[in-house]
Every structure is written in structure tokens, then in C-alpha cells.
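> Mind having a look at this structure? Questions to follow.
Just so it is clear, none of the values below were taken in a lab; they were calculated from the coordinates. All of these numbers come straight from a predicted model, not from anything done at the bench. Positions of Cβ are generated from backbone atoms using ideal geometry, with glycine treated the same way; all protein chains shown enter the neighbour counts.
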């Protein structure tokens, strides 16, 4: 059952607007990256199978630091790579704990709330929330 569940992660599909939004952001010269608790192999498979590999500048995996988000060492990965400040990163997640972790680290965290949920009671509340990634284009 574990292997079956893991193999399902390899065939996840993005929401319909994702590719177009990523293309629009790329045209505006934004650097695009994934920062994930997933393995680099899994991330590469997902990006390639969904034909998004030409859109991302980097795929960051917790494998580099051997600890899971929301540990700050994970959020530090793009900071170190690009030699930038945390507030120069716009970070999106559908997971409230991840939005909070990134926000506490100093990212401009945005909650992707596709199902009109209530944000968990955490020590960080995002100032921006989107229900669809096209709304991101009005924020950045």
C-alpha cells in the first residue's frame, strides 16, 4: 500500500491555470522554484511529466539539509543559492503550516486556499490569500 501511495504522487497533475501563470511570471523575469519536502527525484518526475521543466529555475528538496519543513534550514536553501534576503521571496503553499513557516522565516507568504477553508490558528497569518493562481499576477 505504501508503494502504491508513493507511486500516485508521481502522477499528480497541476491545476488548469498553473502552467499559464508560470509562463506569465517567467515572461516578467521572475525566478521560479519549488521548495519541497519531497525528494529531488520525485520533483523532477512531476515537473517533467507535466511538461513544466522549462519553467523552473530550481527545485529545492529537503534532501539537501536532511530535515523537513517548517525547519528554517529548509527555507534558507534559496536564500543561500541566490544570495538574497528572505523578504525578496514570494512563497506560496496550500498548507497553512508551510505558509506560517515561510512567513515566520521572513518570506512574503501567500496562502493558496482553493476550497474556502479557514486558516489554522498559528503564529503567522498571511496578508495575502488566493483561491486560484491567476490572482497571484495581481499581487506580484
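> State whether the residues of region 119-140 include one that is free of Cβ contacts under 8 Å to residues at least 12 places away in the same chain and assigned to a helix (DSSP H, G or I).
The answer is yes; a qualifying residue exists.
> On to the next question. Take region 84-101 and flag every residue that is closer than 20 Å to residue 130 by Cβ, loosely packed, with under 14 Cβ neighbours inside 10 Å and free of Cβ contacts under 8 Å to residues at least 12 places away in the same chain.
Hit for region 84-101 is 88, nothing else.
> I'd like to verify a number: residues in region 102-111 that are surrounded by fewer than 21 Cβ atoms within 10 Å (Cβ to Cβ) and under 21 Å from residue 43 (Cα atoms), how many?
Total meeting the criteria: 0.
> Another question about this same structure. If you take the residues in region 35-58 that are without any contact (Cβ under 8 Å) to a residue 24 or more places away in the chain and in contact with a helix residue (DSSP H, G or I) (Cβ under 7 Å, 6 or more places away or on another chain), which one is surrounded by the fewest Cβ atoms within 10 Å (Cβ to Cβ)?
Among them, the one singled out is 53.
> Has region 67-83 got at least one residue that is surrounded by fewer than 17 Cβ atoms within 10 Å (Cβ to Cβ), within 21 Å of residue 17 (Cα to Cα) and either free of Cβ contacts under 8 Å to residues at least 40 places away in the same chain or out of contact with any strand residue (DSSP E or B) (no Cβ under 6 Å at 6 or more places or on another chain) (or both)?
no
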